[in-house]
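The values are calculated or read from the model by the stated rules, or taken from the named source; none is laboratory data. Please read these numbers as outputs of a predicted model, since none were measured by experiment. Because the Cβ atoms are built from the backbone with ideal geometry, glycine has one as well, and the counts that use them run over all protein chains shown.
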């Protein structure tokens with residue numbers, strides 16, 4: 001066996017590109033969508049939240065279970081075709097409810113696909129003898145990169161095309177992704193090489209069940225997502241109160257932050273297991289809380305950009321702490337990954353609500369309030385993780401097989 005995981009893994013990242021690019025590319029076209037599809041403010045809200053709600057429900061109820069029953073590749077194919085159908089339905093919609101239906105179908109597809117991706121990543125790590133944290137960091141970085149490409153695509157094509165063309169192009173790319181996933185995510189079970197001892201038991205072979213680890217690390221990730229989702233509206237709101245070029249400066253801060261998040265995720269996948277432990281995760285939450293306090297001065301580019309960079313480094317590290325916890329304390333099945341992500345995604349729904357409500361009420365104290373949430377969560381996570389360690393028999397995470405050269 002050789003380092004053949006690289007082309008297979010690259011194809012899996014390509015497979016997610018269509019739905020991710022389409023998701024963010026449509027955002028700059030929201031005014032056009034409102035006009036052409038008759039989306040009132042209330043219907044626009046329904047349109048926007050339909051996707052994350054459908055995604056959460058399908059991850060919890062279907063995505064993980066289908067991954068365990070069918071395997072990652074068939075589940076991913078169904079997921080990508082569902083996403084394709086959702087994008088196409090919005091592209092041809094002539095009214096608001098058809099567009100909402102498209103968002104629901106698209107969200108269901110994404111919810112089916114995410115557990116399949118995480119399950120396939122773990123299987124690749126085992127089959128090719130690659131540290132699973134390394135591959136999980138690649139998944140995170142690839143997801144951020146493809147999401148970041150959406151606004152770039154929108155900016156390039158908006159001169160000669162509207163949202164319908166963008167969505168149809170995303171749907172076509174998702175069909176290609178489904179075909180690619182059928183190959184890339186069909187990973188055979190690992191077999192020991194002659195003369196080499198079998199790998200240790202899977203990292204999820206634990207006593208005590210996976211319910212508590214799922215809750216602890218799912219809520220940890222929920223807080224990370226809440227903090228990030230809250231920062232997205234708060235950065236431009238704060239900057240607008242102190243700068244003339246608020247749009248440009250906000251775009252710079254957010255853009256640099258996403259790039260840093262991607263790099264931090266990649267680097268965190270290469271550090272020792274101890275630096276991705278729950279104790280290290282507690283430190284990340286404390287750093288997030290402190291950086292939120294510093295972001296009160298985000299209108300000052302020097303202070304604000306540095307604070308946001310620190311914030312995103314802690315985000316990238318925390319992302320892998322949560323996934324490392326699932327890998328080490330559970331059986332990392334499709335069902336576990338589906339429910340973990342369903343819990344975590346609630347943060348994306350709650351974060352903007354918290355941010356807007358806080359800014360509307362106390363304005364410049366909004367970031368400190370969000371930081372306080374991080375600090376309280378750090379204390380709660382430290383206590384929960386300590387209890388988890390006491391009640392769980394934890395086996396060491398499997399090391400790559402000696403016969404594999406990466």
Inset, instruction - Looking only at region 128-138, decide whether some residue is assigned by TED's automatic domain parsing to the domain that holds residue 55, closer than 20 Å to residue 255 by Cα and at pLDDT 85 or above. - result: yes
Inset, instruction - Pick out the one residue from 48, 66 that is more than 22 Å from residue 336 (Cβ to Cβ) and either in the same structural domain as residue 152 (by TED's automatic domain parsing) or within 22 Å of the chain's Cα centre (by Cα) (or both). - result: 48
Inset, instruction - Go through 90, 114 for me and flag whichever is buried (at least 24 other Cβ atoms within 10 Å of the Cβ) and within 23 Å of residue 263 (Cβ to Cβ). - result: 114
Legend entry - So residue 71, is it crowded, with 16+ Cβ neighbours inside 10 Å and out of contact with any strand residue (DSSP E or B) (no Cβ under 6 Å at 6 or more places or on another chain): yes
Inset, instruction - Kindly establish whether residue 148 is surrounded by fewer than 24 Cβ atoms within 10 Å (Cβ to Cβ) and within 15 Å of the chain's Cα centre (by Cα). - result: yes
Legend entry - Breaking point among (1) in contact (Cβ under 8 Å) with a residue 60 or more places away in the chain; (2) part of a helix (DSSP H, G or I), for residue 39: (2)
Inset, instruction - Return only the number of the condition from (1) under 25 Å from residue 259 (Cβ atoms); (2) in a loop (DSSP other than H, G, I, E, B) that residue 160 does not satisfy. - result: (1)
Inset, instruction - Residues that are outside the structural domain of residue 346 (by TED's automatic domain parsing): find the helices (runs of 4 or more DSSP H) completely inside region 222-332 holding 2 or more of those. - result: none
